[in-house]
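Engineer: Could you have a look at this structure, given as structure tokens, before my questions?
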Amino acid sequence: MSKLYILMDDHGHMVMNTTFREQFRNALTGGGEHQSFGVPSSSVDRHRPENVVAFLDNHATRQWESILHYMVGTASMQTPKKAVRDLLVRSGLMSLRLDTNELKITNKGFQFLLQDVNTQVWAFLLQYLDYAEVLQMDLVEVLNFFFMLGSLELGQDYSVEQLTDTQKQVVEDLANFGLLYRRKRSSRRYYPTRLATTLTSGNSALLGRHPVPSAVNLVAGEDIATEQGFIILETNYKLYAYTDSPLQIAVLNLFCDLKSRFANMVCGMITRDSIKEALTNGITAEQIISYLNSHAHPQMKKSMPLLPLTVIDQIRLWEMERNRLQASEGHLYEQFRCQADYDNVLRYAQTLGVVLWSNARKCMFVVTEVGHQQVRAFIQKRIAQRKNGATNSSTPTWQTQRNNM
């Protein structure tokens, strides 16, 4: 630190640099021009709710729950704004299915649902940083605002007038996630919610209740019994879930064929088609088994193994059955004039390691998307050589078409 002139020798005593000491004090106490702890609003909020903490908790829960519901495909919930949907796609939590032109949850998204809320929020913030760079926002200002979030006080309103234009846009975006509350876009104040104030603490976000194994339980507001486990799975593939949470039911519907619903319970069955649909959406067999394990009813925990082996093995077999075939994009080469032309081009493609399939009898083979340009250039070179009289070999006649292998 002496080399950096932070500490200096003053007659045998180590003294901190005056400028560094002042700025360091401002950083710790939130003083100075940067106001690292935020600037409380100086005017009275005439629209301030009577119980502002409860109101903020409800706002955060509603906004965050709408995102989770959208991920699992609950049609009755409000659709998040475009900025949120773009971030879900960019982070890999959801992907666009070409056959339906709809966003569907991915393998990464299902794993995201099993994490605690604080982990989810940090994942969103990290992805937002990447997204901000694409939008050419000032990353330093965005980071400064993120660091300030954890030091804000729940229930206190803060002024936006001291914020930069970039940070004002961040306020608007984070309000869509439920981290902040702003009554309207032109409002001169904003409130941090529990999602923001617990970013740097070990406390549970949102409801501030008992520790829970996943964000699905936490946001849904499950009682203690549900948090301990609510799923009973039988050897005949029937599943009983003791929950009335729309979010939990929507998650189950991702891999289970639900048959009936009661006041506090839903009944369903794990079938080949339901597991196949889940696998199509990118959810793996191990993730389904992990979810069933972590949410098993206390009654099931009295027996070993926890879940019926017949069901677990069958889920894995259904996944293996689907993974027997793998799709690869490629280009088909056919209609060669003679066997020699076919052998020469195939031999060249094999040296490149780009051949996906070949049939010598029909003089056909398929190359990868990457190798297509090289093989095509090789054939065009041979055609040019024949025209120039550089070779006596016959000109290869060929035709390609794009295929999915």
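The values are calculated or read from the model by the stated rules, or taken from the named source; none is laboratory data. This is a predicted model, so every value here is computed, not measured. Methodologically, a virtual Cβ is constructed for each residue, glycine included, from the backbone with ideal geometry; neighbour enumeration extends over all protein chains shown. These area figures cover heavy atoms from the full protein model, side chains too; ligands, DNA and RNA do not enter into them. Shrake-Rupley method; radii C 1.70, N 1.55, O 1.52, S 1.80 Å.
Engineer: Go through the residues of region 370-391 one by one and say whether even a single one is surrounded by 14 or more Cβ atoms within 10 Å (Cβ to Cβ) and hydroxyl-bearing (Ser, Thr, Tyr).
Structural biologist: Looking through region 370-391, none of the residues is surrounded by 14 or more Cβ atoms within 10 Å (Cβ to Cβ) and hydroxyl-bearing (Ser, Thr, Tyr).
Engineer: Okay, next question. Residues that are modelled with pLDDT under 85: list the helices (runs of 4 or more DSSP H) wholly contained in region 161-279 that include at least 1 such residues.
Structural biologist: Values: elements: 165-177, 194-197, 215-220, 224-228, 246-252.
So the answer is 215-220, 224-228.
Engineer: Moving on. Does Leu96 count as over 19 Å from Gln63 (Cα atoms) and either assigned by TED's automatic domain parsing to the domain that holds Leu174 or not small (Gly, Ala, Ser) (or both)? Can you show your working first?
Structural biologist: Values: over 19 Å from Gln63 (Cα atoms): yes; either assigned by TED's automatic domain parsing to the domain that holds Leu174 or not small (Gly, Ala, Ser) (or both): yes.
Against the criterion (over 19 Å from Gln63 (Cα atoms) and either assigned by TED's automatic domain parsing to the domain that holds Leu174 or not small (Gly, Ala, Ser) (or both)), Leu96 qualifies.
Engineer: What number of residues in region 271-291 are in contact (Cβ under 8 Å) with a residue 60 or more places away in the chain and over 21 Å from the mean Cα position of the chain (by Cα)?
Structural biologist: At the first step, the residues of region 271-291 found to be in contact (Cβ under 8 Å) with a residue 60 or more places away in the chain are 281-284, 287, 290-291.
Next, only the ones that are over 21 Å from the mean Cα position of the chain (by Cα) stay: none.
Residues in region 271-291 being in contact (Cβ under 8 Å) with a residue 60 or more places away in the chain and over 21 Å from the mean Cα position of the chain (by Cα): 0 in total.
Engineer: Let me ask another. Could you say which residue among Arg347, Arg322 is open to solvent by 70 Å² or more (accessible area, probe 1.4 Å) and farther than 28 Å from Thr284 by Cα?
Structural biologist: On the way: Arg322 fails: farther than 28 Å from Thr284 by Cα.
Selected residue: Arg347, the only one of Arg347, Arg322 that is open to solvent by 70 Å² or more (accessible area, probe 1.4 Å) and farther than 28 Å from Thr284 by Cα.
Engineer: Considering only region 133-160, state which residues are out of contact with any strand residue (DSSP E or B) (no Cβ under 6 Å at 6 or more places or on another chain), part of a loop (DSSP other than H, G, I, E, B) and among the acidic types (Asp, Glu).
Structural biologist: Asp138, Glu153
Engineer: Please work out if Met16 is at pLDDT 70 or above, open to solvent by 70 Å² or more (accessible area, probe 1.4 Å), farther than 15 Å from Phe145 by Cα and not acidic (Asp, Glu).
Structural biologist: Numbers: at pLDDT 70 or above: yes; open to solvent by 70 Å² or more (accessible area, probe 1.4 Å): no; farther than 15 Å from Phe145 by Cα: yes; not acidic (Asp, Glu): yes.
When the stated conditions are applied, Met16 does not pass them.
Engineer: Sticking with this one: Mind listing whichever residues of region 49-71 are at pLDDT below 90 and over 30 Å from Leu93 (Cα atoms)?
Structural biologist: Answer for region 49-71, where residues must be at pLDDT below 90 and over 30 Å from Leu93 (Cα atoms): Pro49, Glu50.
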